[in-house]
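S.K.: Can you keep this structure in mind? I'll have questions shortly.
Derivation of every value follows stated rules applied to the coordinates shown; laboratory data play no part. Predicted model only: the values in this text are computed from it and were never measured. Neighbour counts run over all protein chains shown; Cβ positions are idealised from the backbone, glycine included.
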Ligand code: BDR
Ligand code: CA
């Protein structure tokens, strides 16, 4: 069984919350070095608080949570309360967190971890805008070559955009950061909307979470119920796409997923298509491949893995 040293960079968000819980439920495979919060779905003061609420829900007050960048590298923050609610974690009531926030900045924690662990031993799971990661790469370029790999939720090709007609939310919020990461040369796996829109909850799947009979099962069922309403209305789908848990599931069971190693570039200039992930899925350019772009998953296996793991918390 592979053992991964992991930093989760995140903007919780109900689906981020489920992803973090999945990681915490997998201690044999994942050594979680820290959770770094970034502004995204909601402002930073909420994402860092939400990250601690989630760790406490799992009884893991020992996890190190760091607060990172409060706005994108060059732009004003765009948030998604219309999807996630005012708190970012609407849907269930959980207590104000008691565990402390770490004193150092998330960007410095990322740099410090990469410099002080053997090279190419750290996987970064990125569940939000890429601001913290790109800022670390900018601040200390030595760390880039020390990253083992990045698995990120972001982008879309066949599904195109969810925040604009052309762009997916995480990339749209900070396209300059995404450009830095996609051009960094780091081994990259991209989990776009093309695949996360196939990881849909259903009444049966949500009830399976609730039937766990634990505080975690109840919270996940209530979060996904809340989160569902938006996508059901927008896409006419049967449930909510569990975007971010796909990142952790990919780390745990890559065989559930399939994709192509292709070139992906980020649009930063056009006002019309800002944040678009221009994915050369059909190989129509000579541009060098820089990312494994995932297109499909076995949704039954994904939900079985998720439910079985959550049952251990
Ligand atoms: C992504 O944006 C957020 O709303 C979700 O948490 C996910 O990371 C999906 O576009
Ligand atoms: Ca997210």
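S.K.: Can you give the % of DSSP beta bridges in region 4-310 that are antiparallel, to the nearest 5?
M.R.: Expressed as a percentage, antiparallel bridges in region 4-310 total about 30.
S.K.: How would you classify region 1-131 from its alpha-carbon gyration tensor, with a ≥ b ≥ c the square roots of the eigenvalues: rounded for a/c under 1.5, else prolate if a/b is greater than b/c, otherwise oblate? Please list the in-between numbers first.
M.R.: Details: a/c = 1.74, a/b = 1.24, b/c = 1.40.
Cα axes put region 1-131 in the oblate bin.
S.K.: Under the rule a/c < 1.5 gives rounded, and otherwise a/b versus b/c splits prolate from oblate, where does the chain land using the Cα gyration tensor?
M.R.: Since a/c stays below 1.5, the shape of the chain is classed as rounded.
S.K.: Taking the Cα centre of each part, how many Å lie between region 120-157 and region 14-70?
M.R.: 16
S.K.: Grab the DSSP H runs of the chain that are 4 residues or longer, score each as -39,500 (n - 2.57), total them, divide by all residues and round the 222 nm result to the nearest 500 deg cm²/dmol.
M.R.: My calculation for the chain gives -10500 deg cm²/dmol from helical runs alone.
S.K.: Which number do you get for Rg(Cα) / (2.2 N^0.38 Å) in region 158-253?
M.R.: Details: Rg = 15.4 Å, N = 96, 2.2 N^0.38 = 12.5 Å.
Rg over 2.2 N^0.38 Å, computed on Cα atoms: 1.23.
S.K.: How would you rank 226, 293, going from fewest to most other Cβ atoms within 10 Å of each one's own Cβ?
M.R.: Going from sparsest to densest Cβ surroundings: 226, 293.
S.K.: Which shape class applies to region 71-181: rounded if a/c is under 1.5, otherwise prolate when a/b exceeds b/c and oblate if not, where a ≥ b ≥ c are the square roots of the Cα gyration tensor eigenvalues? Could the numbers behind the result be given before it?
M.R.: Working: a/c = 2.00, a/b = 1.22, b/c = 1.64.
Judged from the Cα gyration tensor, region 71-181 comes out oblate (a/c at least 1.5, b/c at or above a/b).
S.K.: Quickly rank 297-310, 150-163 as a protection proxy: mean count of other C-beta atoms within 10 Å, highest first.
M.R.: 150-163, 297-310
S.K.: Assuming R0 = 30 Å, what is the FRET efficiency of residue 204 and residue 158, from their Cβ-Cβ distance, to the nearest 0.05?
M.R.: Efficiency for this residue pair is about 0.70.
S.K.: Please sort 42-48, 184-190 by packing, taking for each peptide the average over its residues of neighbouring beta carbons within 10 angstrom, highest first.
M.R.: Top of the packing list down: 42-48, 184-190.
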